[in-house]
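Presented below is the structure to which this report refers.
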Amino acid sequence: MPIVSLSFPESMMKEMDDLQQALGFTGRSELVRASIRLMLQDVREKNSLAGKGSAVIVLTHTEENEEPVTRIKHRYDDIVRTHIHNKITKKNCVEMFLLEGSSHEVATMAKDFQKEEGIKSVKLVML
């Protein structure tokens, strides 16, 4: 198996170590491989969407990272039916988008959110 060197911020390493221990992984490599498998499965599911559909995207971000959310939202105005923004803590926000339209476009919007470094989590649920 090839060896790949990766760099992570200290804060992420602490969370990875905690997750590794909590989930019973024997090492960091095993945890990273499992994470990548989940991401690959997610991408395959999104790429297989076809036709018209309805969905919900829920994402979280810090207050300072509102700009990418607004930018991406406007790019997909044609499929956004409802957008709700709430603060969940003093500095953290949650956004919910109710979408209707091309399933491919819905999946692409979710992928665009996932690519943004300032967005903490993105969940896509097809309805």
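Computed from Cα atoms, the angle from the helix 103-115 axis to the main principal axis of the chain rounds to 50 degrees. Taking P(r) over Cα pairs in 10 Å bins from 0, in percent as calculated from this structure, the corresponding entry among (i) 13, 43, 31, 12, 1; (ii) 13, 37, 26, 19, 6, 0; (iii) 11, 36, 32, 19, 3 is (iii). Dividing the helix sum by the residues of the chain, where each DSSP H run of 4 or more adds -39500 (n - 2.57), gives a mean residue ellipticity at 222 nm of -14500 deg cm²/dmol. Can you give me the angle between helix 10-23 and the longest principal axis of the chain, using Cα atoms only, in degrees from 0 to 90, rounded to the nearest 10? Taking Cα atoms only, the helix is inclined about 80 degrees. Here's the picture: charge each Lys and Arg Cβ at +1 and each Asp and Glu Cβ at -1 in region 11-119, and of H83, M12, L38 the one pushed furthest to the positive end of that dipole is L38. For region 63-127, the calculated P(r) over all alpha carbon pairs, in 10 Å bins from 0 to the bin holding the longest distance, is 19, 59, 20, 1 percent. Using a cutoff of 8 angstrom between alpha carbon atoms and counting only pairs six or more residues apart, the relative contact order for the chain works out to 30 percent. Rg/Rh for region 1-61 stands at 1.09; both radii use Cα atoms, and Rh follows the Kirkwood definition. Helix 66-75 and the longest principal axis of the Cα set of the chain meet at an angle near 50°.
Listing E10, E67, E105 from fewest to most neighbouring C-beta atoms within 10 Å gives E10, E67, E105. Of all segments of the chain bounded by trypsin sites (Lys or Arg not before Pro) found in a DSSP loop with no more than 16 other C-beta atoms within 10 Å, the longest spans 1-89.
Rule-based calculations on the coordinates, nothing more; no lab input. Treat the numbers as computed from the prediction; the structure is a model and nothing was measured. Methodologically, a virtual Cβ is constructed for each residue, glycine included, from the backbone with ideal geometry; neighbour enumeration extends over all protein chains shown.
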